[in-house]
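The values are calculated or read from the model by the stated rules, or taken from the named source; none is laboratory data. All figures in this text were calculated on a predicted structure; none of them were measured in a lab. In this analysis, Cβ positions are derived from the backbone assuming ideal geometry, glycine residues included, and neighbour counts consider all displayed protein chains. Only protein heavy atoms, including side chains, enter the accessible area calculation; ligands, DNA and RNA are left aside. Shrake-Rupley method; radii C 1.70, N 1.55, O 1.52, S 1.80 Å.
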Amino acid sequence: QVQLVESGGGLVQAGGSLRLSCAASGSIFSINAMNWYRQAPGKQRELVATIISGGSTDYADSVKGRFTISRDNARNTVYLQMNSLKPEDTAVYYCNGFFITAQTMGVPRSYWGQGTQVTVSS
């Protein structure tokens, strides 16, 4: 199995910055893609950023120009640098990835972290 451990959430004022980290562990053969999602109270979970194995990235329109997703392949870790934070960014942020392991029979399988709270005050 794969375990995703998130860190870096917290409380910041509007205009501030946070850097989220997500480290993957387990018998991992390869990582197809990793993503950051977020979910605010009473709202649907939304995709914030994604990075694929070749390094290409994509972002939700609401965070373009402010957030940056990056990857450290040696540590199986993905980051989300969040700048110019707004109160509307307040949410639980979830790490997600597609992994091939000894148990997935060569097929990428989705795994999720437990989430980390980000709160932006106005």
statement: Taking the range 1-33 and the residues there that are under 20 Å from residue 118 (Cβ atoms) and of a type in the set (Ser, Thr, Tyr), the one that is least open to solvent (accessible area, probe 1.4 Å) would be 21
field: Conditions (1) more than 12 Å from the chain's Cα centre (by Cα); (2) surrounded by 12 or more Cβ atoms within 10 Å (Cβ to Cβ); number of the one not met by residue 43
entry: (2)
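Within the range 77-90, is there a residue that is among the acidic types (Asp, Glu), open to solvent by less than 50 Å² (accessible area, probe 1.4 Å), touching a residue at least 24 places away in the same chain (Cβ under 8 Å) and at negative phi? It would help to see each step written out before you state the result.
Initially, the range 77-90 is screened for residues among the acidic types (Asp, Glu), giving 88-89.
Imposing the further condition that a residue be open to solvent by less than 50 Å² (accessible area, probe 1.4 Å) reduces the set to 89.
Next, from what is left, pick out any that are touching a residue at least 24 places away in the same chain (Cβ under 8 Å): 89.
Among the residues that remain, those that are also at negative phi are: 89.
Looking for residues that are among the acidic types (Asp, Glu), open to solvent by less than 50 Å² (accessible area, probe 1.4 Å), touching a residue at least 24 places away in the same chain (Cβ under 8 Å) and at negative phi, one finds at least one in the range 77-90, hence yes.
Condition test on residue 63, is it surrounded by 17 or more Cβ atoms within 10 Å (Cβ to Cβ) and either without any contact (Cβ under 8 Å) to a residue 40 or more places away in the chain or over 28 Å from residue 11 (Cβ atoms) (or both)? Lay out the reasoning, then the answer.
Numbers: surrounded by 17 or more Cβ atoms within 10 Å (Cβ to Cβ): yes; either without any contact (Cβ under 8 Å) to a residue 40 or more places away in the chain or over 28 Å from residue 11 (Cβ atoms) (or both): yes.
It is true that residue 63 is surrounded by 17 or more Cβ atoms within 10 Å (Cβ to Cβ) and either without any contact (Cβ under 8 Å) to a residue 40 or more places away in the chain or over 28 Å from residue 11 (Cβ atoms) (or both).
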task: Scan the range 56-94 for residues that are among the polar types (S, T, N, Q), over 15 Å from residue 118 (Cβ atoms) and assigned to a loop (DSSP other than H, G, I, E, B) and jot them down.
output: 56, 76
query: Taking only pairs six or more apart or across chains, which ones have beta-carbon atoms under 9 Å, a first residue in the range 30-55 that is assigned to a loop (DSSP other than H, G, I, E, B), and a second residue that is open to solvent by less than 30 Å² (accessible area, probe 1.4 Å) and not small (Gly, Ala, Ser)?
result: 40/89; 45/38
